[in-house]
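Below is one structure, written out as structure tokens; the observations come after it.
The values are calculated or read from the model by the stated rules, or taken from the named source; none is laboratory data. These numbers come from a predicted model, not from an experiment. All Cβ positions, even for glycine, are placed from backbone atoms using ideal geometry, and neighbour counts span all protein chains on display.
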Amino acid sequence: MSNSLSAETIAIVKSTGPALRQHGVAITTVMYSRLFQDEEVKAMFDQAAQESGEQPRRLAAAILGYAENIDKLEALGGAVSRMVARHVDTGVKPEHYPKVAAALLPAIREVLGNDVATDAVLAAWAEAYQFLADILIAKEEEAYAAAA
Ligand code: HEM
């Protein structure tokens, strides 16, 4: 499964916590508008929860919780279980994860700008995203196998 993150990556991701707290919903809103250019992915989501802003808020909260707890991921246990459950309900598969990364990272840059979302910040987030994705993918694989 996942290797551990470097101390530098952890420090960079934690340092972006305040900017994400301020702009988290804007980032996830931009992320979804990019992600939903893929109709197959769009169809997986409850559009009512999108329009009410509820889903962008839930994802913003998850990303923020992740940034704040990246050095103590056991604090995220309950949140991870809920994500896994929703993902298995909606048929999320490993091949979907790169699509979310390709929507999220440019959204971080677009909202925070080049001065805050520097190349080093985006590289740290790419690494941290992959780390969480690997955890989710492994747990989802177990849940799919248990359900089969
Ligand atoms: C590291 C990456 C990801 C994180 C942090 C994440 C986080 C979340 C969270 C927090 C929820 C809400 C759970 C709840 O209802 O309490 C959720 C739901 C969901 N996620 Fe993810 N997710 C990730 C990747 C993905 C991917 C790759 C897909 C597939 C395209 C996906 C599709 C969904 C769907 C369809 C739902 C249910 C939304 C609805 O109710 O309309 N997620 N995710």
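Check whether at least one residue in region 135-146 is within 17 Å of G24 (Cα to Cα), surrounded by 13 or more Cβ atoms within 10 Å (Cβ to Cβ) and out of contact with any Asp or Glu (no Cβ under 7 Å at 6 or more places or on another chain), and report yes or no. The answer is no, given that none of the residues of region 135-146 is within 17 Å of G24 (Cα to Cα), surrounded by 13 or more Cβ atoms within 10 Å (Cβ to Cβ) and out of contact with any Asp or Glu (no Cβ under 7 Å at 6 or more places or on another chain). Taking region 84-110 as the range and being surrounded by fewer than 14 Cβ atoms within 10 Å (Cβ to Cβ), in a helix (DSSP H, G or I) and among the charged types (D, E, K, R) as the test, the residues that pass are R86, D89, E95. Each residue in region 49-79 was checked for being more than 16 Å from T28 (Cα to Cα) and within 9 Å of the ligand (Cβ to nearest atom), and 1 pass.
The selection criterion, being out of contact with any strand residue (DSSP E or B) (no Cβ under 6 Å at 6 or more places or on another chain), charged (D, E, K, R) and either closer than 21 Å to S15 by Cβ or modelled with pLDDT of 95 or more (or both), does not hold for E54.
The one condition from (1) under 14 Å from the mean Cα position of the chain (by Cα); (2) more than 8 Å from the ligand (Cβ to nearest atom) that H87 does not meet is (2). Residues T9, T118: which one is of a type in the set (S, T, Y), at pLDDT 95 or above, more than 10 Å from the ligand (Cβ to nearest atom) and out of contact with any Gly (no Cβ under 7 Å at 6 or more places or on another chain)? Being of a type in the set (S, T, Y), at pLDDT 95 or above, more than 10 Å from the ligand (Cβ to nearest atom) and out of contact with any Gly (no Cβ under 7 Å at 6 or more places or on another chain) holds for just one of T9, T118, which is T118.
For D119, the test of being within 23 Å of I27 (Cβ to Cβ) and without any contact (Cβ under 8 Å) to a residue 12 or more places away in the chain is passed.
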